[in-house]
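The values are calculated or read from the model by the stated rules, or taken from the named source; none is laboratory data. Since the model is a prediction, treat every value here as computed from it, not as a measurement. Neighbour counts run over all protein chains shown; Cβ positions are idealised from the backbone, glycine included. Calculation scope for accessible area: heavy atoms of the full protein, side chains included, ligands and nucleic acids excluded. Shrake-Rupley method; radii C 1.70, N 1.55, O 1.52, S 1.80 Å.
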Amino acid sequence: MDNPEIFIIMVLYMCVVVGIGVYFYKRAQKSSENYFLGGRSLGPWVAAMSAEASDMSGWLLMGLPGVAYWCGLADAFWTALGLAIGTYVNWLIVAKRLRNYSQIAGNSITIPDFISNRFKEKKKILLGISALFILIFFTVYASSCFVTVGKLFNTLFGFDYHATLIVGALFVVAYTLIGGFLAESVSDFMQAIVMILALVAMIVVGIVNAGGFGAVVENAKNIDGFLSLGEIANPIVDGNKVQQNIAGVPLFGSANNYSVLSMVSMLAWGLGYFGVPQVLLRFMAIRKPSEIKRSRIIATVWCVISLAAAVMIGIIGRTLFPASESLNTASKAESIIIVMSTEYLPLIVAGLIMAGILAATISSSDSYLLIASSSVSVNIYKGIVKKDKATDKQVMWLSRITLVVIALVGIIIAWNENSVIFNLVSFAWAGFGATFGPIMLFSLFWKRTTRSGAIAGMVAGAVSVFVWKLVLNKFLSGTISIFGIYELLPAFIISSIAIVVASLLSKKPDKEITDEFDKAKKGELQTAI
């Protein structure tokens with residue numbers, strides 16, 4: 001086995017993560033609210049950093065640096081900028097209102113719960129729709145984490161990709177069954193610290209070994225469009241999508257134009273924050289609404305530093321490994337931080353960074369599995385099938401069964417070892433952003449929003465993501481440029497229009513609903529004073 005020292009360090013690190021799950025086991029098993037929402041007990045540091053770590057995960061450590069390494073600054077920069085803005089705005093306008101409103105609206109412990117309770121629906125159509133889409137998109141999200149695990153062990157130790165994929169999925173399922181929401185929030189907090197330290201350390205080490213910052217810039221300037229925000233570098237690849245090189249010099253064609261439409265498309269990543277359950281649940285679970293301001297500062301600072309560092313690692317990596325066989329496809333390029341760590345860091349430090357990637361990926365995937373399983377056990381089974389007559393024991397058992405099924409489907413999606421983490425995450429992110437983002441904003445801030453508007457908006461957003469990505473983008477983007485835009489933006493707009501039109505065409509909300517809306521708004525203002 002290659003790098004046995006790193007393997008041992010990773011195993012020891014994961015034992016710590018498991019220990020966290022075991023520590024919180026007893027509290028998690030007390031009730032479904034404790035298991036799925038941690039009893040609304042998160043402090044500002046844990047809420048902020050666990051929200052960001054569960055959101056970013058291995059995508060931040062592998063996906064984003066891989067994009068920067070492969071085609072330069074533009075795609076990665078505009079994506080990172082959109083995410084940084086989205087992080088700040090989401091904590092600024094959504095967090096406090098949702099924390100108050102979710103408790104007022106039937107003490108909701110899941111996002112489908114909140115949406116259903118917000119509109120006081122008797123026939124649980126909203127509950128079923130939202131639970132179904134959470135199940136679909138989180139299965140894709142979980143698959144991206146499994147891909148990360150497979151690539152990590154394959155690159156580091158030469159282990160079979162598919163074998164480690166399965167082992168990683170089994171570990172995630174076991175860990176999620178043990179500790180629930182509170183355990184994964186605390187472990188995510190730990191991962192957030194490791195992630196930011198790893199990223200900053202790799203920048204320093206990378207620049208030193210590249211011969212200084214000037215050498216990095218000079219190398220990037222020699223690649224047409226690599227440092228431009230208005231152009232994108234164009235790697236020359238063969239029929240197998242492998243980048244070509246001559247005597248160790250990677251071949252690039254003339255840079256492609258990076259249009260304003262493309263910039264707006266990547267900035268639209270920020271819209272996804274309004275709809276991703278793993279972040280919204282942290283808003284609902286925070287201990288006191290008055291602590292949200294501190295959380296916002298912590299989350300934004302962490303996000304900006306980490307995103308900037310991840311992009312820089314990709315740029316630096318092109319100087320250090322201009323034409324490495326282990327990085328010569330878009331998929332392999334996502335291993336740049338692994339290659340840099342094992343090449344330039346002491347084995348103990350490299351092992352900690354690799355353990356951080358693994359633990360961040362696993363702790364994020366357990367967030368996805370936990371939320372997806374709750375959509376079936378709490379929302380569909382308890383809320384629709386049993387109509388609130390299911391016992392906590394039944395809910396917990398169904399949740400465990402669902403976890404296993406979702407993991408199996410995630411393994412199938414991730415089975416192709418040439419899967420690109422960035423692409424899998426972008427699709428799931430668009431799905432959540434367009435399906436839940438608009439309705440969350442309208443539910444929180446527009447009193448006139450109706451149940452019909454909510455149904456129309458969620459369905460329109462989700463369907464638009466699939467149609468835009470799998471039909472319009474795939475078959476028409478080559479001839480009509482607008483169809484090449486990231487599917488989140490048009491789907492978000494379509495969903496918003498559907499909500500407004502359907503709400504205005506339907507009967508005004510009942511007084512009970514509007515009174516509750518006013519109560520949530522008043523509660524937010526009181527906690528702000």
- Item | Anchor Lys389: lysines whose Cα lies under 27 Å away (excluding residues fewer than 8 positions away in-chain) | Lys26, Lys30, Lys120, Lys122, Lys123, Lys124
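For Glu121 and Val217, compute 0.36 nm times the residue count separating them, minus their Cα-Cα distance, and round to one decimal in nm.
Using 0.36 nm per residue and subtracting the Cα-Cα distance, I get 28.8 nm.
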- Note on the structure: Ordering 514-521, 416-423 by per-residue average of other C-beta atoms within 10 angstrom, highest first, gives 416-423, 514-521
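Can you give the percent of C-alpha pairs in region 397-519 whose distance is more than 17 Å?
Working: 4924 of 7503 pairs.
Tail fraction, whole percent: 66.
Given Cα pairs under 8 Å that are at least 6 residues apart, what percent is the relative contact order of region 203-296? Provide the component values of the computation, followed by the final result.
On the way: 69 pairs, mean separation 16.8, N = 94.
So the answer I get is 18 percent.
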- Degrees between helix 292-320 axis and first principal axis of the chain (Cα, 0 to 90, nearest 10): 20 degrees
- Roughly how many percent of the accessible protein surface of the chain is carbon and sulfur, given a 1.4 Å probe and a whole-percent answer? 66 percent
- Compute the Kirkwood hydrodynamic radius of the chain, taking the inverse of the mean of 1/r over all pairs of distinct Cα atoms, and give it in Å to one decimal. 23.3 Å
- Task: With a 1.4 Å probe and every protein chain left in place, tell me how much accessible area Ile136 has, in Å² to the nearest 10.
- Result: 60 Å²
- Message: Taking just the alpha-carbon atoms of region 138-179, what radius of gyration and Dmax come out, in angstrom?
- Response: 10.6, 31
- Query: For the pair Leu12 and Asn257, how long in nm is the line joining their label points, each one 7 Å along Cα→Cβ?
  - Reply: 5.6 nm
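If the only charges are +1 at each Lys and Arg Cβ and -1 at each Asp and Glu Cβ, what is the size of the charge dipole of region 298-456 around the Cα centre, to the nearest 20 debye? Numbers along the way, then the final one.
Working: 11 positive and 7 negative charges, 211 e Å.
Once rounded to the nearest 20, the dipole reads 1020 debye.
If R0 is 45 Å, what FRET efficiency do you get for Lys293 and Ile246 from their C-beta distance, rounded to 0.05?
On the way: r = 55 Å, r/R0 = 1.23.
Efficiency for this residue pair is about 0.20.
Working out 0.36 nm times the residue gap between Leu470 and Glu325, then minus their Cα-Cα distance, what length gain in nm do you get to one decimal?
Gain in length upon complete extension: 49.1 nm.
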- Task: Give the accessible surface of the chain per residue, rounded to a whole number of Å², with probe radius 1.4 Å and ligands, DNA and RNA excluded.
- Result: 37 Å²
- Item | For peptides 223-231, 451-459, sequence by mean Cβ density within 10 Å, most packed first | 451-459, 223-231
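From the helices alone, meaning DSSP H stretches of at least four residues, give me the mean residue ellipticity at 222 nm for the chain, per-run term -39500 (n - 2.57), in deg cm²/dmol to the nearest 500.
Details: 22 runs with 372 residues, N = 529.
So the calculated ellipticity at 222 nm is -23500 deg cm²/dmol.
Order these peptides, 269-277, 165-173, by their mean beta-carbon neighbour count within 10 angstrom, highest first. Mind dumping the intermediate values first?
Values: 269-277: 26.1, 165-173: 20.6.
In descending order of packing, they fall as 269-277, 165-173.
Please compute one quarter of the surface area of the Cα convex hull for region 185-239 and express it in square nanometres. The partial results should precede the final answer.
On the way: hull surface 27.0 nm².
So the Cα hull casts an average projection of 6.8 nm².
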- Query: If one computes the Cα centroid of region 257-311 and of region 463-529, what distance in Å separates the two points?
  - Reply: 18 Å
- Query: Under a plain spin-label model, where a point goes 7 Å from the Cα along Cα-to-Cβ, how far apart in nm are Lys447 and Val459?
  - Reply: 2.9 nm
- Taking the Cα centre of the chain as the origin, how large is its charge dipole in debye, to the nearest 20, when only Lys and Arg (+1) and Asp and Glu (-1) carry charge on their Cβ atoms? 2640 debye
- With no solvent and one point per C-alpha, what does the Debye sum give as log10 I(q)/I(0) for region 63-205 at q = 0.14, 0.15 Å⁻¹? -1.06, -1.18
